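Enquirer: What follows is a structure written as structure tokens; I'll ask about it next.
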């Protein structure tokens, strides 16, 4: 339950940060999708079927507020989840090299979905040079950003769980 | 083997659905509306908090600089008082002239003011969310404006919120004119702060800095609204059209409030004729919504 609220708060935080006026257009182009970090964290740490549902809901939420065609975020997130789930059987999730790779793979994969939708919807003419630079800069930022954020979320989650445990025990003791 | 077949099947289905969805042929499911209704209050609260914090920060600096500017401004005020009386005269003259050219002023109930509460999470699409929806009389396709010029068009409406596609989005197109030469073309977004002004014949001589305005022929935006000014042009002798880049009048990074024109707009019957006005004719004589908003 605590984990659920932790990830819900995290989703709201990233969602609001991503859709608010905090970023100017230039920075907005450079940064990768922050929700990807949640998808990666969930996929790396849990294997339960409920996680697939959560990833599905994240996709639906993002598709609903995005101007892109419906199903774009949903597909990207679900396939990233499937990929990570199959890969994590071979490597420990806190392996930095693994985190670096999956960060880049996830960002590139998501951008490829966007590219696919653009080409199918508008043809090749709709793809501009700056789309490729956007994709490249997002991938570059993800090399540093994704592992850092995944590890940070992990530590934060542990801290929240420990804190919740202590509070619960204190209440139990007083009771 | 079976697993591989299942995966390939799902991949195929997924890509087919995405292809159909990218052509806007999927029916609206109502899920979007539910999600927007759930997330928009948070977006609105966050946006307001952010604006308030920015306001406090800016106010602090404003007070410091105001103290320095105060003596200078007092002197300027005295001079301004003189020009106020002149302006009064001009205002009266303006009213008389407006009546003379049958200028229809914007009635207050033809525009709805809305606050921007969110942006598109993806850099691949340029849309914003506003805090007015069907409840306030908004419908899909209505033009969204600010005093500086055109912002975009409403593409999705829920009960209390709407999504606006900006003119900088690659799916956006506005029928436009060069204000001075009246050369016609289409302003297309390209997902940056700059837009392309396409399909302008090479025979039309255009200079950097010239203003591009809406032509009123697309049936969405009223005629005469400012879109942007020319920043770069390339003439390729092997091509029929010029390649023109323009900078939008609206600074989309600082957009906080917008106006939605809810007045049913009929494409201007005279626009086609006036789009062929000769160079040199004074475009300022034409009444337009942009001018009215700017005033």
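Enquirer: So residue A:82 ticks every box in (1) free of Cβ contacts under 8 Å to residues at least 24 places away in the same chain; (2) away from every other protein chain (no Cβ under 13 Å); (3) more than 25 Å from residue A:30 (Cβ to Cβ) but one. Which box is left unticked?
Expert: Checking residue A:82 against (1) free of Cβ contacts under 8 Å to residues at least 24 places away in the same chain; (2) away from every other protein chain (no Cβ under 13 Å); (3) more than 25 Å from residue A:30 (Cβ to Cβ), the one that fails is (2).
Enquirer: Out of the residues in segment B:155-188 that are more than 18 Å from residue B:217 (Cα to Cα) and part of a strand (DSSP E or B), which is nearest to the chain's Cα centre (by Cα)?
Expert: Checking each candidate, the answer is B:166.
Enquirer: Which of the residues belonging to segment A:25-40 are more than 8 Å from chain B (Cβ to nearest Cβ) and either modelled with pLDDT of 90 or more or buried (at least 22 other Cβ atoms within 10 Å of the Cβ) (or both)?
Expert: A:32, A:36, A:37, A:38, A:39, A:40
Enquirer: Something else about it: Need the failing condition index for residue B:150 against (1) part of a loop (DSSP other than H, G, I, E, B); (2) away from every other protein chain (no Cβ under 13 Å); (3) buried (at least 24 other Cβ atoms within 10 Å of the Cβ), just the number.
Expert: So the condition that residue B:150 fails would be (1).
Enquirer: Next up: Do you know which residues across segment A:89-122 are over 19 Å from residue A:144 (Cα atoms) and in contact (Cβ under 8 Å) with a residue 40 or more places away in the chain?
Expert: A:113, A:114, A:117, A:121, listed by residue number.
Enquirer: If we scan segment A:9-22, do we find a residue that is in a helix (DSSP H, G or I), more than 13 Å from the chain's Cα centre (by Cα) and more than 10 Å from every other protein chain (Cβ to nearest Cβ)?
Expert: yes
Enquirer: Looking at segment A:28-44, is at least one residue free of Cβ contacts under 8 Å to residues at least 40 places away in the same chain and outside any helix (DSSP H, G or I)? Give the derivation first.
Expert: Narrowing segment A:28-44 to residues free of Cβ contacts under 8 Å to residues at least 40 places away in the same chain: A:28, A:42.
With the extra rule that they be outside any helix (DSSP H, G or I), the set shrinks to none.
No.
Enquirer: Name the single residue, out of those in segment B:25-34 being in a helix (DSSP H, G or I) and surrounded by fewer than 18 Cβ atoms within 10 Å (Cβ to Cβ), that is modelled with the highest pLDDT. Before you say what the answer is, go through the steps one by one.
Expert: Our first condition is that a residue be in a helix (DSSP H, G or I); within segment B:25-34, this holds for B:31-34.
Applying the additional criterion that residues be surrounded by fewer than 18 Cβ atoms within 10 Å (Cβ to Cβ) yields B:31, B:34.
Numbers: B:31: 77, B:34: 80.
Residue satisfying both the conditions and the ranking: B:34.
The values are calculated or read from the model by the stated rules, or taken from the named source; none is laboratory data. Just so it is clear, the structure is predicted and the values come from calculations on it, not from any experiment. We place every Cβ from the backbone using ideal geometry, glycine too, and count neighbours over all the protein chains shown.
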